[in-house]
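Worksheet: the structure to be examined is printed underneath.
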């Protein structure tokens, strides 16, 4: 099936723009949230058409009170009674009525003041897509994170974008009518592998996802909230569960084994303290929990998986981050960062210092776009 990609209007009028929701996920990162909210005040989008929501994952650092003190009713704060992890994004994705719902982490911001407006224009002009994944650029390294994701796309689109299995929890735009057809993030996972599971859920529901390198976020790289060994354990467990939930047998067994063996080998190569033991614990917990996963299997037809054959086969090796997107259609990282500093950060925003280099946004080079501990 061919796709005709339509250009969005260069300058859609404010009256033509739909109401949108922007959700920000946070857990005990008050300073990061306040920085992000300050930047979002500068986006080129009518204020009366933006509903800002902070999802506070039972923080104990005063996040909710600080937001209310500064922003009042201009920002809605969803205070959760307990920390339910990254899947708390569902509280905005699945429950907001707006036609477009953006989700960001507290340390991520659109790269340019016009980014949100341009993404809405893209989605309005291209109803084929139910979601759009942001390109992620690290503020400190100046590089595009998670490698050249276009290399495992289903197909390249006119204008330089891609269709594929692209899920980056830190920065997504969902068409409300499409994401509400799904179950969102699997709330049994808490954290780790949740993007993999959502990507498979969207594939199962036949919701196409776009990635256009012109639409980027700037990742300020907040300190990891989950200790590396625990992250690896949980991620190993969750990816085994996802394999058995979505892949047909016996393919599910092959995918689960590949994930587990690769994680174990990387733990050995990277010499992560407690890494090998964490993988073993994760695999053991996955096997114990399979009895609760198997009754809820939604295996995806092999033919549908085959459409994304490049994505499937790259699961058998780790991505190597590329220094730039380099497809000739998108601004370079340098241009993106210059635009960010000029239109979003500004001289009044104090950016955090470079975090401890041992605290990485990816524990290992990931096999899935957006995965935070692969």
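The values are calculated or read from the model by the stated rules, or taken from the named source; none is laboratory data. Predicted model only: the values in this text are computed from it and were never measured. Every residue, glycine as well, gets a Cβ built from its backbone with ideal geometry; the counts of neighbours run over all protein chains shown.
Mind listing whichever residues of the range 67-99 are without any contact (Cβ under 8 Å) to a residue 12 or more places away in the chain and part of a loop (DSSP other than H, G, I, E, B)?
Hit for the range 67-99 is 95, nothing else.
Would a scan of the range 192-205 turn up a residue that is surrounded by fewer than 19 Cβ atoms within 10 Å (Cβ to Cβ), touching a residue at least 24 places away in the same chain (Cβ under 8 Å), not in a helix (DSSP H, G or I) and not assigned by TED's automatic domain parsing to the domain that holds residue 299?
Checking the range 192-205: at least one residue is surrounded by fewer than 19 Cβ atoms within 10 Å (Cβ to Cβ), touching a residue at least 24 places away in the same chain (Cβ under 8 Å), not in a helix (DSSP H, G or I) and not assigned by TED's automatic domain parsing to the domain that holds residue 299.
Within the range 142-153, is even one residue crowded, with 19+ Cβ neighbours inside 10 Å, in a strand (DSSP E or B) and at pLDDT 95 or above?
Looking for residues that are crowded, with 19+ Cβ neighbours inside 10 Å, in a strand (DSSP E or B) and at pLDDT 95 or above, one finds none in the range 142-153, hence no.
Name the residues in the range 303-313 that are assigned to a helix (DSSP H, G or I) and either over 19 Å from the mean Cα position of the chain (by Cα) or at pLDDT below 85 (or both), would you?
Selection gives 303, 304, 305, 306, 309, 310, 313.
With 295, 273 as the choices, which residue is more than 23 Å from the chain's Cα centre (by Cα) and not in a helix (DSSP H, G or I)?
273
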